[in-house]
Every structure is written in C-alpha cells, then in structure tokens.
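*Asks:* Below is the structure I would like to discuss, written out as structure tokens.
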Amino acid sequence: MRAVIQKVTKSNVVVDNEEISNIDQGLLVLLAVKENDDKDDLAYIKKKIEKLRIFEDNEGKMNLSIEEVGGEILLVSQFTLYGDVRKGNRPSFIDSAKPDKANEFYEILKEELVADGFSVKTGKFQTHMEVSLTNDGPCTIILDSERIL
C-alpha cells in the first residue's frame, strides 16, 4: 500500500459540486492499494498513520501524533499513486489493485481507524473528486508498505 500524508489545517472533498467531507486540523491521507498487498501491508500503513509524529510540540519540534493533537483524518482513495511512467508518458496502472480489493482494504482501514478512536471522514470511492487542502508546514510524507526482501 502507498499513502501520501499531508498535515493540514483544513481539507475537504467535493463531488458533483457538493461538499461531502471536510476536516480541520489533521491529516489528509491519499491511499492506494497494490494488487499484491495483504493484511500485513494494511496493518503497517494503519500503524504509521496513527503513530506518525509530524505535529509540533510546545517547542516547535515535530514530535506529536494525530492522536496527541486530537486531529481528524480525511481518507481518500487514489489509485493513481501506483501510476508508472518509467516507460512513455501515459501512466500504467498495472500494479494498482482491482476496484473490489482496493475498496475492501480502503473500508477496512477506515473501520480500524475509527475503532481505534480516530475521527475519520472519507472521499467517495471510484468517483471523480475535487480535493482541497491547506497544507500545514508544508508537511507531506510518503509511506509505502512494500517490504524489502
């Protein structure tokens, strides 16, 4: 799995000119699932989202997690994170999971984050969305669960 995590002061998702989700301070998580991902990949990404220390403490150091600052999570599925443009100029999405698997992992991640006590808003799976954000910092972190063998 791959996640692009942006620390935000606010973010929202609009579908068909209607806002469907919004958050204030927290994390915008753009998530992609790879065809060969399994539950270990899911657990890794979940733990990293929950424990990532990118919020400032009283001394201005990136030392606090989303839980410690009481922030929200906006989780948005984005299969294009696995777009491969090493050959040619048109992205290949051969590594992206099929929609059924991608949606299953996306939903499981959302449910597990909520079960762990986080406020989670979402985009709309397999839909054209307009995602807006105010990146705080700016701070953007890329996570990849791919294991080195």
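The values are calculated or read from the model by the stated rules, or taken from the named source; none is laboratory data. For clarity, every value in this text was computed on a predicted model and none was experimentally measured. A quick note on method: Cβ atoms are made from the backbone with ideal geometry, for glycine too, and the neighbour counts reach across all protein chains shown. Keep in mind that these areas ignore ligands, DNA and RNA; they rest on the heavy atoms of the full protein, side chains included. Shrake-Rupley method; radii C 1.70, N 1.55, O 1.52, S 1.80 Å.
*Asks:* Could you list, in sequence order, all residues of region 1-45 that are basic (Lys, Arg), open to solvent by 10 Å² or more (accessible area, probe 1.4 Å) and part of a strand (DSSP E or B)?
*Replies:* Scanning region 1-45 gives 2, 10, 34.
*Asks:* Among (1) under 17 Å from residue 28 (Cβ atoms); (2) of a type in the set (Val, Ile, Thr); (3) over 16 Å from the mean Cα position of the chain (by Cα); (4) open to solvent by 50 Å² or more (accessible area, probe 1.4 Å), where does residue 94 come up short?
*Replies:* All conditions are met except number (1).
*Asks:* Scan region 60-81 residue by residue and report those that are touching a Phe, Trp or Tyr at 6+ places or on another chain (Cβ under 8 Å) and open to solvent by less than 50 Å² (accessible area, probe 1.4 Å).
*Replies:* 64, 65, 66, 69, 71, 72, 73, 75, 77
*Asks:* I need the full set of residues from region 12-21 which are under 18 Å from the mean Cα position of the chain (by Cα), more than 19 Å from residue 138 (Cβ to Cβ) and of a type outside the set (A, V, I, L, M), in order please.
*Replies:* The answer is 21, and nothing else.
*Asks:* For the structure I just gave you, tell me whether residue 84 is modelled with pLDDT under 95, more than 20 Å from residue 140 (Cβ to Cβ) and open to solvent by less than 80 Å² (accessible area, probe 1.4 Å).
*Replies:* Yes; evaluated as a whole, the condition is true for this residue.
*Asks:* Being modelled with pLDDT of 95 or more, closer than 23 Å to residue 14 by Cβ and surrounded by 12 or more Cβ atoms within 10 Å (Cβ to Cβ): is that true of residue 118 here?
*Replies:* The answer is yes for residue 118.
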